Amino acid sequence: MSTSSFSQTLRAIRWIAAAMVLVIAVSFAIQMTRQQPPARTPVNIGGPFTLTDTSGKTVTEADFLGKPMLIYFGYSYCPDVCPYALQMMASALDTLGKDKDRITPVFVSVDPERDTPENLAVYVRSSSFPDGLVGLTGTLEQIKAIAKAYAVYFKKVGEGEDYIMDHTSAMFLMDKDGKYVAVFTHSSSVDDIAKCLRRHLDGKRC
């Protein structure tokens, strides 16, 4: 084969290869444009519950419909984590000014053995906690049921009167219909929580 013929053959091979790459690229682009974005998986947090408030009255999730709810699970004998979380809740709500009354702050005890309605009534009135903080307790089975609904873990650790409760430390924002909106942990700042609350009240996503 002459040098001229070899060069022509090489150029032809290159053109064919380039054409194949172009066809593959166009085909891939068409397939990508046809793909639908994946559907968002709904977060299965929240649900029906039956508990007791600090006045001894039985309440259910229906009693909290109509207003967003900011809910935290803990216990009144908690030495530091729970008070800190409730103080964060109070600070975030305070940034809303008068609009903080549009959100119901709730504290659910995971220690029904010690957190009677009477004890909780005193605890939730701390000046460091949110104004109007609702304290809820119940039987162990009732607490297990709501903890499961909110994917919250808790376990009694130790014996005697000084036992502690190991538990998930998370704060949940639920909308006025009891649907999950957002979750906050100790890595969340007061500003993070406040911004999300404001956006939710303004009808925007966090």
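The numbers here are math on the coordinates, done by the rules we state, and not lab data. Please read all numbers here as calculations on a predicted model, not as lab measurements. In this analysis, Cβ positions are derived from the backbone assuming ideal geometry, glycine residues included, and neighbour counts consider all displayed protein chains.
Overview of results
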quantity	calculated
Cα-Cα over 27 Å, subset of LYS144/LYS195; LYS67/LYS195; LYS67/LYS144; LYS57/LYS144; LYS156/LYS195	LYS144/LYS195; LYS156/LYS195
Stretchable slack from ASP192 to THR60, in nm (0.36 nm times residue separation minus alpha-carbon distance)	44.6 nm
LYS155-LYS204 pseudo-label distance in nm [points 7 Å out on the Cα-to-Cβ vector]	4.2 nm
Table column - 3J(HN,Hα) (Hz), segment 115-128, Karplus curve with 6.51, -1.76, 1.60, x for Gly and Pro	8, 6, x, 5, 5, 5, 4, 6, 4, 6, 8, 4, 5, 7
Centroid-to-centroid separation of segment 47-62 and segment 182-206 [C-alpha atoms, Å]	25 Å
